[in-house]
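Notes to accompany the following structure.
The values are calculated or read from the model by the stated rules, or taken from the named source; none is laboratory data. Nothing here was measured: the structure is a model prediction, and the numbers come from that model. Using ideal geometry, Cβ is built from the backbone for each residue, glycine included, and neighbour counts are taken over all protein chains shown. Only protein heavy atoms, including side chains, enter the accessible area calculation; ligands, DNA and RNA are left aside. Shrake-Rupley method; radii C 1.70, N 1.55, O 1.52, S 1.80 Å.
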Amino acid sequence: MTFGERPAYLRVADDLRKKIVDGALLPNTRLPSQARIRQEYGVSDTVALEARKVLMAEGLVEGRSGSGTYVRERPEPRRIARTGYRDPGGSTPFRQEQALSGVRGTWESRSEQEGASAEVAERLGIEPGDRVMRTRYVFREAGEAMMLSTSWEPLALTGRTPVMLPEEGPLGGSGVVERMAAIDIVVDNMAEEVGCRPGLAEELLALGGVPGHTVLTIRRTYYASGRPVETADVVVPADRYRVAYHLPVK
């Protein structure tokens, strides 16, 4: 191979990818077998195998047990709108975001007390082992899981108050800003950090993905006068959704 020339397995993957994108290989069509790739492109079994691995890692094809490798359906990504922390109407961020997208979603939640891990403690500015309320959410659109979220709130702030449980009580489901205001804590800032990584097995199981799929991650923290009052990890399937931000301009 001359300097600068792409490896053979990438050239094969490029051609197969083009056929998928152009529609020559339609969704649910079986990908050419390893033997056929070897014969058609004049490459070794190793090259043919590596080319198939590239397409699988890119999420263009998927293996079906006992059947072979097939071109995946590629849905048009839908938007998840992020609106910032201010909401004059008092609805939860999820309700507000769904309204902007013109759809209605549902969610399930479960809250439990636990000792803060070292990472959560650092994010909340508390000591490891301090008690927090952890709430796990599964958000759905038309019945399909679209987003996971795990939030933590320090019980030193919310414990033994009407808002200790985020989804129960008189302000259950109202969102962090309104709930904190009810106990005289004024949320005045929010930070989000967006990243991506391979989805964990339990995340992909909940979201309907397959091993190797990428997820978008959003690390969110609400602040009151510089003090963290809630932090959360949000997980979104990257092949089905895009995150769009609508933020106020001062």
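Computed over neighbours whose Cβ is under 14 Å from that of Ala24, the net charge equals 0, Lys and Arg +1, Asp and Glu -1.
Compared with the dominant Cα axis of the chain, that is its longest principal axis, helix 45-57 is turned about 30°. Ordering 37-47, 167-177 by mean Cβ neighbour count within 10 Å, with the highest value first, yields 167-177, 37-47. Shape class for region 131-176: oblate, because the ratio a/c of the largest to smallest gyration tensor axis (alpha-carbon atoms, square roots of eigenvalues) is 1.5 or more and b/c is at least a/b. The computed Kirkwood radius over Cα pairs in Å for the structure shown corresponds, within [x] 18.6; [y] 20.9; [z] 18.0, to [y].
Accessible area per residue for the chain, computed on protein heavy atoms with a 1.4 Å probe, is 55 Å².
In a simple Cβ point-charge model (Lys, Arg +1; Asp, Glu -1; nothing else charged), the chain has a dipole of about 820 debye relative to its Cα centre.
Ellipticity at 222 nm from helices only: DSSP H runs of n ≥ 4 in the chain, each -39500 (n - 2.57), divided by the residue count, give -7500 deg cm²/dmol.
Distances between placed amide hydrogens fall under 5 Å for Asp130 paired with Ala116, all partners being 5 or more residues away or on another chain. What is the sum of charges, Lys and Arg at +1 and Asp and Glu at -1, for the other residues whose Cβ falls under 11 Å from the Cβ of Ser44? That works out to -1.
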